[in-house]
1. Would region 177-239 count as rounded, prolate or oblate if I go by the C-alpha gyration tensor, calling it rounded below 1.5 in a/c and otherwise prolate when a/b exceeds b/c, oblate otherwise?
2. Let me check the size of region 151-284 from its C-alpha atoms; what are the radius of gyration and Dmax in Å?
3. Hey, which lysines would be in cross-link range of residue 504, C-alpha to C-alpha under 19 Å, not counting anything within fewer than 8 residues on its own chain?
4. Ratio of region 41-106's C-alpha Rg to 2.2 N^0.38 Å, to two decimals?
5. Neighbouring Cβ atoms within 10 Å as the yardstick, rank 180, 412 fewest first.
6. So what is Rg over Rh here for region 330-459, counting just Cα atoms and using Kirkwood for Rh?
7. Note the full-extension length gain between residue 377 and residue 484 as 0.36 nm times their separation in residues minus their Cα-Cα distance, in nm to one decimal.
8. Roughly speaking, what is the centre-to-centre gap between region 181-223 and region 242-261 when only Cα atoms are used, to the nearest Å?
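Any read-out appearing in this document is the output of simple, stated calculations on the displayed coordinates, not a laboratory observation. Quick caveat, the model's predicted, so the values are computed rather than measured. Here the Cβ positions follow ideal geometry from the backbone for every residue, glycine too, while neighbour counts run over all protein chains shown.
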Amino acid sequence: MRALFFSLPVLVFSIVSLNTRAETQVPDFTVQVGQDQNAKAQGWLLNFLPPAKHHFNKDAPMSVTALDGSVSFIKVGAKPEHVGFRLSDPRLKEGMEITASVFLCDQAQTYCIKKKQTFSLKVNSDLTALEPADAQVTSAKKVSKGAKKDAYGFWDNRLEDAIIESAKTKKPILIGFFGIWCPPCNLFRETVFPTQKFKQATQKWVLLKMDVDAKESFELKSHFKVGGYPTIVAVQAVKDPNASISSLSEIDRIVGFYPTDEFVHLLGNAYLERGLNLEEKLAARKKEYLGTLKQLIEVDLEKKEFKEVVKLSDDGAAVSQDHYFALNKIYVRANEDAKVVKEKQAVDLVDAIWTNRANEQPDTLLRTIDILTSHSEQFTKSQIARANDLLDQLAKEVEPATLSVPGVELSIADIDSLRVDVAVALDDPALELQAYSRVVASYKELIQKFKAQNSRGYNLELAYALWKSGKVDEAKAIYERFIVLYPKEFTFYYAAAKMYLDLKILPTARDYAEKAVKFAYGDNKLRSMERLMRVMIAQGENSEALKRGREFFQEVGTVSSDLFVRTNRYVQAFKKALDEVQKENHK
């Protein structure tokens, strides 16, 4: 999306230079509405024909949206004589209002002006297929004319280009969902993607990265039920260059950050199984049955498909004594009723894992720690304190070469960060301070080990740990250094504003919060505006906070609650801040 933005000024100049009449003076274009017979869900096809003595500017921005702009149709063809769009979405019903925006030019080239038109989604033609755009013919020279990959070989927010390349080369697609604010996402870009091993391992893949805060990613990450970042989804190669999102089939997914060697290994396994979906994999890999079960459980936990988690855990428990499977059933039940963890079966299981911790798998230890800390009100302090014993065991399994526990997404800093959770669960401020000091030492060791002095991911976490450990001046220095390095990125402004707000250094908190709002976009705009409002409330500017909050919310609009994305959570957090300041104003 950003690459397109930077190219707009030249395009806009060429269009504006031809604008000699109002939009209302330009005749309407014809809209043909049909249905895609090949789509699994009901698919809608749109074909636009220009009025007499006119043509479309195929290089100008164009869009088709529904549901108040929250859903965008996918462009299939763009030629001077016709423009095509399609979308398969169960929410699209006959009679819905659709808004299209294109640029129409007269044949004499005396004007070329943006034309916006609204119409009803109702079949009015025999249209059952769309002619591919020039960009979609098989010639390699014509694949997405003007589109480029990034330095590491990724299509950037260009799903259609990735599908076209996959259909042409028969390669599976690797889709990375990343956020610029996400520390482990930055670690991929800073420590994995530049390596020769990554380059070699991905030669057999079509690479696509999606900005999780951009609208282009919403439908795709909703389809794959992506719940956290980074998430990298391996997808089977497509046969049809016009394949819809609903037809994309997942091979595997990699959730969280992994060092280069482990990531390449996981990628190799996914490629070997590129012809299988997740269900078929279970039958094909009998020797690794329990390992596959665990992988599927983690995927379903991320998707919050808890019934599947219970079913798979039962399958695992039937053939294995691994405590992980029985533990997951308690973990799922406790999401509905925390008192489950006090039942004798649950207590005995946690006791057995603690007693046998030297022989337990890392994922079992991690899940036990999660239960002890997330449901701390159900346990005694002595029971909660056992989580530190489990962390000590994990620390013994750290490999010096990677400073992480093999097989799980767990660095030395992650282990010490979990000690903070234990201290919070114990309500022990002294232990919490000690844990943050350990986190500081761990991140400094990681930075030194991997020569990552300019790593945004590591340093963002280090600055926070320094602040919480009482080393505020060191934290300030890191925030200031990275703000200078990235003056137009919201990330460090946003983090620093939180610290200064908590320290009650309000003018500085206000300055950084304002800059976070200025440079943020998408989901991050919501988060940054919420932080700014809380700073303004702390400054006693309740009325102004309410005014700006209301104006911003009207401006940003809403995101469909049907989409499985974090935006809705940020909207709710923003609404909560808005409600709080509104109540304060009425006192």
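1. It is oblate, given that a/c is not under 1.5 and a/b is not larger than b/c.
2. Final numbers for Rg and Dmax: 13.8, 39 Å.
3. Within the straight-line cut-off, residue 504 pairs with 468, 471, 476, 515.
4. Here the answer is 1.15, to two decimals.
5. Exposure proxy ranking, most exposed first: 180, 412.
6. On the Cα set of region 330-459, Rg over Rh gives 1.00.
7. Length gained, residue 377 through residue 484: 34.2 nm.
8. Here the answer is 10 Å between Cα centres.
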